[in-house]
Structures are given as C-alpha cells and as structure tokens.
Amino acid sequence: MIYADNAATTKMSGAAANAMTACMQDTWGNPSSLYSLGQRAKEALEDARERIAACIGASPKEITFTSGGSEADNQAIRSAAQLGARKGKRHIISTAFEHHAVLHTLKRLEGEGFEVELLPVGALGTVTAQQVSEAIREDTALVTIMYANNEIGSVLPVSEIGAVCRERGVIFHTDAVQAAGHLPIDVRAQNIDLLSLSAHKFHGPKGIGALYARQGVPLTNLIEGGAQERGKRAGTENVPAIAGMAAALEESCSHMAENAARVSALRDKLIFGLSRIPRSALNGDPVNRLPGNVNFCFEGIEGESLLLLLDDRGICASSGSACTSGSLDPSHVLLSIGRPHEVAHGSLRLSLCEENTEADIDAILKAVPEIVTYLRNMSPLWKDKVSGKRAFVL
Ligand SMILES: Cc1ncc(COP(=O)(O)O)c(C=O)c1O
C-alpha cells in the first residue's frame, strides 16, 4: 500500500504509541485524584503540556487540551468573539478557504449578530498582510486565518499578519492544524494570540488537540463541568492521548528540517511529473507550500473515479478534505481560488510524509496518467472537448 493522504490523517509514530501504552498501563490514574497513582498521571499530563508548549514557544499555562483541531478552532473563535462583543466589537475577518471547523463556527456567529468578512484568497490561495490591514476596523474583534491550507497546501504569511494584528490591537487566531510539526511555529515571535493544534496530523493519536491562548486572552468554556484545564475545558483529561501527542510533536519538531527537505524533494518530483499530463493544473501556491502537499485538477474526469481506481492499485489519496468526501459539492477551497465547478470536481490531493519513498512517487507517476487517460477515454464530455464541440477550461 502507498499512503499519500497524510493531510487527512497520519500513521501514529512508534514514540507516540509507546508513550500511550506506558500511560495506559502504568500511569492510568485520574489526574485529579490526590493519591499517588493520580498524581503520577497529573505529572505525565503536566510534563506533556510543558513539552508541547516548548515546541511552539509558548508557556505551559497557555496550553488547553481539547478533543482535536475542530474543538480548538471552535473555542478560539467563540472566546475572541465573546471578548470582542463585551467591548462592542462584532466584526470578524477570515478567509474564504478556511477549514469548516472555522467557517461553520463563523456562520453560527453571523446568526448571533456578528459581521463576518471573508477575504478573497486569489488564484494562488493566499492573503497578504496588506489585505488584512485594510480590512481591520475599529470594531474588529478577531482575525482568524489558517497557517496552511489543508487541501491545496498554501502556507500563509502568518508572521506578517500577526504583526499587523498586534499593531492594531486585534486578536489573531491561526488554525495551525496542517502546519504543526511540519513548519516552525513560535507564537511569541509571530504575534499569535490563539492557535489550534491536532495530534493526528503529526503522527500522534486521533481525538486529541490543543488550543494555545496567550496569557491575558480569556477562554470561553464550550464544555461545562469539572474544573479540569484550569476550568477552561471540563472532562477527565485523556492522559495517554496527551502523552502520545507530546511525543509525536517533539519527534516531528526535532526532525523538521531534514523531513521537510526530503518530503519537499518527493513533492517536487511528483508535481513535475503530474504537470506533464495534458489539461492539468497545480492548485495552490507553487512556492509557499506545505512540504508534502500536491494538489492537481485534471480536466474531464471525476475525482471520485480517480480515487477508486487508485485504491485498486493500492494508492490512498483524496479529492478534497476528508470532511467533504461523500458530499457531491465541489470543494469550497478550489472554488475560492477560481476553479470552475466542472474542473473542481476533477481534483486529486496527494499528501506525503517522511515515510514515502522514491518508489512510491514512481508508482503514483505511473498510475495517475494511465487512469486519467482511461477515464477521459470513457467520458462523453472529454470527447466533446477533443472534437471541439465544447471548449477546454484548463
Ligand atoms: C486545517 C484544519 N483544521 C481543522 C481540522 C480539524 O481537526 P480535527 O480532525 O482534529 O478535529 C483539520 C482536519 O482535517 C484541518 O485540516
């Protein structure tokens, strides 16, 4: 099997699995219990918090554990919105191609009287700090802009955006779910107030994440109950998953530069090979791009058919975000960069990690052109295009 869907989820690392097993077998007490078994679990929890904080330049008390990236996004945005509303600020700036965890939360807030402004992301799928600066108003409560896009891999100028927000006194949240463990993060140097993480995108377990909130930025509870996480997130902490997350993030961060060099070389070989397919186009920023992301549109095919035929050859890929697969709507990300509906349906995302090999890339580069040709030969739409009855789009 060739796994090329690391943006959907990653295989758990040995270090993460070992840390989890140790916790489940030895440190399985409730961290709120006073006897020593509980206190050992509490130590494991706080040790993980310290290590995760260190990986992003935060202090441990600025880290709140959540059930994943979605919850962290929800809590970050709701917290900043409430804080703004108390000061009469109800304007929120974001982008058109955020993850649904952000966009759907913003939709809810619109229903609650907030005004949401989604900045256009242009053909390359990015925004500039200048765009953000021009959009900020007196009543802006929050800027929420992702660090890197999960579908097309564009890496956004987060440091510049952070600087603008800090200068103008506006809270800045970034969804760093696709960036953490792959790109350097320093919340202080980058002027980030709120940041979302999810362990399963960097070889940690699923169902665990964290929200960094700069000291002084109060969090609103989404889950009421006990006083865990300094009263900001009720529920007995999932200590094994948290320990696994810390081990995975530390490992990813300590090998970041060498992994990025290796993976981006594989990515560039894949991009070069796929761009030779006629009527194909790379999606996303060719330069400021996640090391492992390859995303193409192929005119005249259905992404789903391509995925099924790749699966027959043992290749795991995606045609958009995992959350939207199963829906027939074209990806909002591809529409946001101006791809027409018809072309957006023919997209393929291959997301690599350091475990992929040259042989994987060669196999993908053999399979994709063959399958694209096969599907096009069966497509009446493609035949109309070739005969000139319909125009090509790409
Ligand atoms: C950019 C981004 N944000 C948020 C999420 C949601 O994270 P989780 O699956 O941990 O809830 C994802 C997951 O695909 C993502 O890619």
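There is at least one residue in region 202-210 that is touching an Asp or Glu at 6+ places or on another chain (Cβ under 9 Å), farther than 22 Å from Ser336 by Cβ, within 11 Å of the ligand (Cβ to nearest atom) and part of a strand (DSSP E or B). Close Cβ contacts (under 8 Å, 6 or more residues apart or on different chains) running from residues in region 145-156 that are under 12 Å from Val287 (Cα atoms) to residues that are assigned to a strand (DSSP E or B) and open to solvent by 10 Å² or more (accessible area, probe 1.4 Å) comprise Gly153/Arg289; Ser154/Arg289; Val155/Arg289. Considering each residue of region 151-172 in turn, at least one proves to be under 18 Å from Ala96 (Cα atoms), aliphatic (A, V, I, L, M), within 16 Å of the ligand (Cβ to nearest atom) and assigned to a strand (DSSP E or B).
Within region 359-379, not a single residue is among the polar types (S, T, N, Q) and touching a helix residue (DSSP H, G or I) at 6+ places or on another chain (Cβ under 7 Å). Per the conditions (1) over 28 Å from Ala257 (Cβ atoms); (2) open to solvent by 10 Å² or more (accessible area, probe 1.4 Å), the sole criterion not satisfied by Val155 is (1). How many residues does region 1-13 contain that are open to solvent by 50 Å² or more (accessible area, probe 1.4 Å) and out of contact with any helix residue (DSSP H, G or I) (no Cβ under 8 Å at 6 or more places or on another chain)? Residues that pass the stated criteria total 3. For beta carbons closer than 7 Å, sequence separation of 6+ or different chains, a first residue in region 106-134 that is more than 17 Å from Glu160 (Cβ to Cβ) and a second that is among the small types (Gly, Ala, Ser) and open to solvent by 40 Å² or more (accessible area, probe 1.4 Å), the qualifying pairs are Ala123/Gly338.
Among the candidates Glu110, Glu134, Glu115, Glu151, the residue that is of a type in the set (D, E, K, R) and closer than 18 Å to Asn288 by Cα is uniquely Glu151.
Candidates Ala96, Ala72: the one that is open to solvent by 10 Å² or more (accessible area, probe 1.4 Å), touching a helix residue (DSSP H, G or I) at 6+ places or on another chain (Cβ under 9 Å) and among the small types (Gly, Ala, Ser) is Ala96.
Here's the yes/no breakdown for (1) open to solvent by less than 50 Å² (accessible area, probe 1.4 Å); (2) outside the structural domain of Gly292 (by TED's automatic domain parsing); (3) over 15 Å from Tyr3 (Cβ atoms):
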| position | (1), (2), (3) |
| --- | --- |
| Ser351 | yes, no, no |
| Glu355 | no, no, no |
| Asp360 | yes, no, no |
| Ala363 | yes, no, no |
| Val368 | yes, no, yes |
| Tyr374 | no, no, yes |
| Asn377 | no, no, yes |
| Gly388 | no, yes, yes |
| Val393 | no, yes, yes |
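The values are calculated or read from the model by the stated rules, or taken from the named source; none is laboratory data. Model, not experiment: these values are computed from the prediction. Quick reminder, even Gly has a Cβ in these numbers, built from the backbone with ideal geometry, and neighbours come from all protein chains shown. These area figures cover heavy atoms from the full protein model, side chains too; ligands, DNA and RNA do not enter into them. Shrake-Rupley method; radii C 1.70, N 1.55, O 1.52, S 1.80 Å.
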